[in-house]
Amino acid sequence: MNGPPAPLVEELSHLGYALMRLLLQRAKEVFAKEGLSLLQAEVLRLVREGVNAPSRLAEHLEVQPSQVSHLLASLEEAGLVERRLDPEDRRRVLLHLTPKGEEAQKRLKEAWLAAYSQHLARLNPEELLLFRDLLGKLTEVGRG
């Protein structure tokens with residue numbers, strides 16, 4: 001098999017997993033300050049980006065539709081999301097952020113970028129560019 005040596009792959013696997021856990025924990029902390037879970041924050045981001053059907057949310061979040069229903073109910077109760085009938089097909093429901101939801105999503109994004117920036121500040125400008133390029137190269141694998 002061609003590729004990097006197994007010990008290096010294992011070390012990179014551990015480091016990648018540690019980074020993922022670190023960032024996930026930090027994201028939970030950032031979003032909790034807004035009173036939101038990681039999934040609730042992700043719903044706001046996805047709806048803001050145009051994922052406006054509950055079924056599509058379930059696909060993106062890789063959860064059951066019933067879980068999306070519970071997430072949406074909590075976000076509606078908080079006044080962040082609203083469901084509206086699709087004007088083109090009244091059998092469908094479309095999701096929209098309320099003005100309060102737009103503001104919350106903006107604060108979440110700003111807080112997350114500030115938190116992530118703190119971790120990236122450990123790298124010098126050349127390392128940052130290299131890190132960007134390497135992440136781009138690694139994430140291309142899934143795209144072919």
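The values are calculated or read from the model by the stated rules, or taken from the named source; none is laboratory data. As the structure is a computational prediction, the values presented were derived from the model and not from experiment. Note: ideal-geometry Cβ built from the backbone for every residue, glycine included; neighbour counts use all protein chains shown. Accessible surface areas use protein heavy atoms only, side chains included; no ligands, DNA or RNA. Shrake-Rupley method; radii C 1.70, N 1.55, O 1.52, S 1.80 Å.
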Response to the item:
The farthest towards the positive end of the charge dipole of the chain, of the residues L85, V68, A104, given +1 on Cβ of Lys and Arg and -1 on Cβ of Asp and Glu, is L85
Fill in: Whole-Hz couplings from phi, Karplus 6.51/-1.76/1.60, listed for segment 14-27; x for Gly and Pro
5, 5, x, 5, 4, 5, 4, 5, 4, 5, 5, 4, 5, 4
Practice prompt. For the chain, give the percent of accessible area contributed by carbon and sulfur heavy atoms, probe 1.4 Å, rounded to a whole number.
Written response: 56
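Pairs of Cα atoms under 8 Å, at least six residues apart: use those to get the relative contact order of the chain, whole percent.
20
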Worksheet item: Looking at (i) 26, 17, 14; (ii) 34, 19, 14; (iii) 29, 23, 16, which value of semi-axes √(5λ) of the Cα gyration tensor in Å comes from a calculation on the structure shown?
Response: (ii)
Worksheet item: If you take the charge dipole of the chain about its Cα centre, with +1 on Lys and Arg Cβ and -1 on Asp and Glu Cβ, which of G50, L19, L8 is farthest toward its positive end?
Response: G50
